[in-house]
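Each reported figure results from applying straightforward, stated rules to the coordinates on display, with no laboratory input. What you are looking at is a predicted structure, and each value in this text was computed from that prediction instead of being measured. As a convention, Cβ positions derive from the backbone with ideal geometry for all residues, glycine included, and neighbour counts pool all protein chains shown.
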Amino acid sequence: MNEQTGGSETRESRSLDEPLMAFDLAAEVATLRAEPAYRDNGRTSKTLARSGPLRLVLTAVRAGTEMGAERPDGPVAVEVLEGRVAADAGTDGAGDGRQLGPGSVAWFAGERAWHLHMDDDAALLLSVVGDDDGLGRPAR
């Protein structure tokens, strides 16, 4: 398929769908935190790989930041690499919240709202299935 990223001022264009891809997540997170988008907005992400409807997205997020989706296109798995994160599935206070730390994984079923609150600066690895970016926006 040979899908490529578009590249930007801070990142070169690269392939997203090689037969074997490996990543040094600690180095990737450090690079994300050095980018202007993280400094200016407190959050930045990088799609590491994509094949069909599955995307692997690394996100660096500053403490106090909220993220999630009201109408995601498909399921999302969120692995916490660093930091503490409060997660809930948006069921109107039904007590489904979870506290997550490094090594924890949260699974959010498709087509249901999900929300995260970063209690600390955090690094997340998202596995996103569907035609959107996991945050309810069309994939680019």
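Semi-axis lengths, largest first, of the ellipsoid equivalent to segment 45-129 are 19, 17, 10 Å, with √(5λ) applied to each eigenvalue of the Cα gyration tensor. Amide H contacts of ALA63: ASP121, ALA122, each under 5 Å away and 5 or more positions distant or on a separate chain (H built 1.01 Å from N in the peptide plane; Pro and chain starts excluded). For segment 21-77, the calculated P(r), taken from all Cα-Cα distances in 10 Å bins from zero up to the bin holding the longest distance, is 19, 47, 32, 2 percent. Counted by Cβ distance under 9 Å from GLU111, the other residues give a net charge of +1, where Lys and Arg count +1 and Asp and Glu count -1.
Distance between the 7 Å Cα→Cβ label points at ALA30 and ARG71: 4.3 nm.
Loop-resident GluC sites (Glu not before Pro) (DSSP state other than H, G, I, E or B) in segment 10-118 with no more than 12 further Cβ atoms inside 10 Å of their Cβ: GLU12, GLU70, GLU111. Computed from backbone phi with θ = phi - 60° and the Karplus coefficients 6.51, -1.76 and 1.60, the 3J(HN,Hα) list for segment 40-51 is 7, 10, x, 6, 7, 9, 9, 6, 7, 8, 8, 8 Hz; x is used for glycine and proline. A simple rule links phi to the HN-Hα coupling: the Karplus curve 6.51 cos²θ - 1.76 cosθ + 1.60 with θ = phi - 60°, which for segment 52-64 gives x, x, 9, 10, 10, 10, 9, 10, 10, 9, 7, 3, x Hz, with x for Gly and Pro.
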